[in-house]
Amino acid sequence: MNLPPIRALSTRLRVAVPLALLPVLALTACGSGSTAATPAGAQASAPPADDPVAAVRKVDKVAALLPGDVRAAGTLRVGSSVGFPPGAYYPNGPDKPPAGQDIDLADAVAKVLGLKLERQDASFETILPALGSGKYDVGTGNFGVTTERLKTIDFVTYINDGQGFAVKKGNTALGTGVTDLTQLCGLTIGTGAGTTFEATLTARKGVCAEAGKKPYDVKVYSENGATLTALQQGRIDVVMSTINGLRHQAAQPASQTTFLGEFHRLDVGFAFKKGSTLTPAFQAAVNELIKDGTYARILKKWGTSESAIETSRINPAEHKKS
C-alpha cells in the first residue's frame, strides 16, 4: 500500500537484519522485492494446500478485450514486489516460486485472459516508475489507489486493504487501536520505504504540534524484517503497514506483535502506465473470477475474505479518511 513520500523524511534507514532476532515468519518489506533469509531453526510459513487457480480456464469473450499484439504475443511482463504473507512471499526461499493472495489472483487473471506471466521481482518503489518507461506491462505489490498515484498510473482494483498499526506483544500504551495520529505523538513509528504509510505519516506530521504535543518520529526501512527487529529491540514503538499483513503476522503462533486494528481502508489494484489499453481486459477478468467464485475461494485460502470487493473498477477515487 504505497505512495512515494511527499517530502524526504528526516530518517531513512537501510539496515541489515540480525537473523536471530527475526520472528518465525521470514518477512520482507511491504512492497519490497528483496528477501530475508529464514532464521536458523525456523520455517517460513507454508502456503495452504488448496489451489483454486488450478481449475481456471481461458474465457474467450474476456480475452477478446486484449489488444491484438498482446494476444499474439501471449505473454505479459509483470513487475512483482514480493513481500510477506498473505499478499506475496517466498515460503521456500527466493529461488523457489512465490506464493500468496496477489500471486494467485494475478495467475488466475492471466489464465482467464489466456496469457503467461513473465514475473520479474522488483523492489516496490521501482515498479511504478518502470511502468511509465515500458519495462513492465503491469505491476503487482499491494498498490493502494491514491489520488496522487492516479495522476500517472492506471489501476484495476482487486481487493480493499489499507493501513493499520501493530506493537510489540505486551505493549498496551496505545490500547486496542489507533484512530487518530495524535495518539502517536512522542512515539517512534517504523514503516516501509515509498509506501502510503510513509506518505500519510509525512503529510500529517504537523498534527502533534497543532495539538500542543511532541511530534512523532518516523523511521523508514527497506525490509519488513528490519522493521520488526527494530520493534523487538525497542528502537521503534509501533509499526504502520498493511491491514492484512499485520493481522496475519499477529495471528501466527510464534508472533511477537499485536495488531491494533484498521486505521484507513484503501482500494488495491493491478498497476499500469497511464492510458494503458490493458485495463478493460484485466477488469473483466477480475469480475469473471468474482462471478464464478474463484475470487472468493482465493481470498478464503489466504484469510483475507474481509477485503473482498463486489466488483472490480478502473481508477476509482481514493477513499478519504474521515
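Each reported figure results from applying straightforward, stated rules to the coordinates on display, with no laboratory input. Keep in mind it's a predicted model, so treat the numbers as computed, not measured. Cβ placement follows ideal geometry from the backbone for every residue including glycine, while neighbour counts extend to all protein chains displayed.
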_Fraction of beta bridges assigned by DSSP in region 51-189 that are antiparallel (%, nearest 5)_ = 10 percent
*Using helices alone, what [θ] at 222 nm do you get for the chain, with -39,500 (n - 2.57) per DSSP H run of 4 or more residues, divided over all residues and rounded to the nearest 500?*
-7500 deg cm²/dmol
*Where a Cα-Cα gap under 19 Å defines reach, which lysines qualify for residue 274, not counting those fewer than 8 residues away within the same chain?*
135, 151
*At a Förster radius of 35 Å, what calculated FRET efficiency corresponds to the Cβ-Cβ distance of residue 179 and residue 126, to the nearest 0.05?*
0.55
_Beta bridge orientation in the chain: antiparallel %, DSSP, nearest 5_ = 55 percent
*Using the beta-carbon distance between residue 211 and residue 252 and R0 = 51 Å, what value does 1/(1 + (r/R0)^6) give for FRET efficiency, to the nearest 0.05?*
0.90
*Determine which lysines satisfy two conditions relative to residue 205: a Cα distance under 20 Å, and not lying fewer than 8 residues away in the same chain.*
213, 214, 219, 320, 321
